[in-house]
Amino acid sequence: MEAIHRNIYDTLLSWQASPSRKPLILRGARQVGKSHALTNFGKQNFAACHMLNFQENPELGSLFDGPLSPKSLIESIEILLDCSIDLQNDLVIFDEIQDCPRALTSLKYFCEKMPELAICCAGSLLGVVHSKEPFPVGKATFVDLYPLSFEEFLGAIGETRLLAYLQKVEPQTRIPEAIHNNLLGLIKEYFIVGGLPEVVDIYRQQRSHRREAFEQVRKLQLDLLDAYVRDFAKYADNIRSGRILAVFSAIPAQLARENKKFIASKAMPGGRYSNLQSAIDWLEGAGLIIKVPITNSGELPFSAFTKENRFKLYFFDTGLLGALAQLSPAALYMESELFSTFKGAFCENFVAQELRQIDGKTLYCWMSNTAEIEFMVEREGQVLPIEVKSGKSGKLKSLNVFAQKYGSPYRTRISACNFKIDQQSAMHNYPLYLSGRFPL
């Protein structure tokens, strides 16, 4: 697969240059591109890059069966890989580390006894999060990798001029309507394809034949969903794996409801939150869902006004959401009337993905009687309410109620409308494609 540029490279460069560098663990759901990101980074920035893939070569795990002395481990790795490792200038990558929990434990000793060696790890959160081995608490740097953002997607499919244009948008920018409409069309493509690198790579290769490209994309997405389901059985017991699958499969139907609050009984007949809590926590820990707690207050801290059984669940990738919902790409791309009910769910899911990429913080939703604000974020001590609309019209009653009650510095609507920041009315209109740039 041709290298796709990821914004995380800047973070990795900062880690490399840090005088107090610790082993790095790149966290993320399966198939978000962790291995490719680390390999490309290593090849570009180190004298040599040494990859240990514990899934492709299970015998590598035997190196960690005994004492975890870094010196002995490196000597054994050099023999097995038939190479020399320069401790000062090379990068060592432990890939699919969930298949060798002892390698995860060894990071503690590499941090303490061999800090000069740069070590990065990648692995499915399905295994890393639920490992029974001692975790190297305080001895590793954690970095999260998500599916490609919309801007990364633009770069990957060759829309570099539009990407450069978006990155220069400022509060006073007026986006020409032709460019605005072009970007809205690309949002629809992103809804279908999503941000998993392997899927994006297939799409960019065949994009000139749009219908065939969408068919190939959907086929791969269905294969990936099957792989996730197999992982449930691999990393969870039989009872919990059934509940995990029930929650996972129920997300499209939950999002299709007008009130998107998660209802346990809708996920499993007779289900209660107490029965499904472990499954939900498991999916969240694996990076496969975005959990958005619901509050009844706009005051800080948001977490003080939540209840553990009041939340919304979004999928970690819009492309897989469409595949899981069995929604045809044509319905999405052509905006069929059959899709109109679910369009709002896609827009909300997309905005949740984009906002989370900004700083990884928990997003919150506000509900009070009949009023609802899809997302609340805190920036420098200020509460910023965000209402999401799928089209260009729609009343902003909830947004106005919230702003008046809690004295928000400004209100934000993310929709299909063009970009406009009106300082006088304290109303900020963001088009969907600028969600990841909030707040400008």
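Since every read-out is calculated from the coordinates, none of them should be taken as a lab result. It should be emphasised that the depicted structure is a prediction, and the values quoted were computed from it without experimental measurement. Cβ placement follows ideal geometry from the backbone for every residue including glycine, while neighbour counts extend to all protein chains displayed.
Points worth noting:
- DSSP-defined antiparallel bridges as percent of all bridges, the stretch 209-437, nearest 5: 65
- Where a label projected 7 Å from the Cα of residue 48 along Cα→Cβ would reach, residues of the stretch 78-110 with amide N under 12 Å: 78-92
- Chain lengthening between residue 400 and residue 230 when straightened (0.36 nm per residue, less Cα-Cα): 56.6 nm
- Paramagnetic reach from residue 423 in the stretch 152-192 [backbone N under 19 Å; point 7 Å along Cα→Cβ]: 169-175
- Take 364-377, 410-423 and order them by the average number of nearby Cβ atoms within 10 Å per residue, most first; the result is 364-377, 410-423.
- Spherically averaged projected area in nm², based on the convex hull that wraps the Cα atoms of the stretch 209-437: 13.5
- Calculated [222 nm] ellipticity per residue, helices only, for the chain: -14000 deg cm²/dmol; basis is -39500 (n - 2.57) per DSSP H run with n ≥ 4, divided by all residues, nearest 500.
- Prolate/oblate/rounded label for the stretch 8-144 (Cα gyration tensor, a/c 1.5): rounded
- Between helix 197-206 and the chain there is an angle of about 70 degrees, using the helix long axis and the longest principal axis of the Cα atoms.
- log₁₀ of I(q)/I(0) at q = 0.25 Å⁻¹ - the stretch 328-405, Debye sum with one point per alpha carbon: -1.22
- For the peptides 183-193, 158-168, residues were scored by their other Cβ atoms within 10 Å and the scores averaged per peptide; the highest-first order is 183-193, 158-168.
- Axis of helix 340-359 versus longest Cα principal axis of the chain: the two differ by about 50°, to the nearest ten degrees.
- Net +/- balance of residues flanking residue 7 in space, Cβ distance below 15 Å, scoring K and R +1, D and E -1: -2
- Per-residue HN-Hα couplings for the stretch 366-382 [Karplus 6.51, -1.76, 1.60; θ = phi - 60°; Hz; x = Gly/Pro]: 10, 10, 8, 6, 9, 8, 8, 10, 4, 9, 10, 10, 10, 10, 6, x, 9
- Amide hydrogen proximity for residue 196: with H placed 1.01 Å from N in the peptide plane, the residues at 5 or more positions away or on another chain lying under 5 Å are 148.
- For the stretch 8-144, a crude dipole built from +1 on the beta carbon of Lys and Arg and -1 on the beta carbon of Asp and Glu, taken about the Cα centre, is about 520 debye to the nearest 20.
- Dipole moment magnitude, nearest 20 debye, the chain about Cα centre, only Lys, Arg, Asp, Glu C-beta charged: 1700
- Note on residue 369 and residue 223: their simple-model spin labels are 5.4 nm apart, each label 7 Å out from Cα toward Cβ.
- Matching label, semi-axes √(5λ) of the Cα gyration tensor in Å computed from the structure shown, candidates (1) 55, 28, 16; (2) 53, 24, 21; (3) 38, 25, 23: (3)
- With R₀ set to 45 Å, the beta-carbon distance separating residue 160 from residue 137 gives a calculated FRET efficiency near 0.60.
- Beta bridges by DSSP in the chain, antiparallel share as percent, to the nearest 5: 40
- Helix axis angle, 397-406 relative to the chain longest principal axis, alpha carbon, degrees: 70
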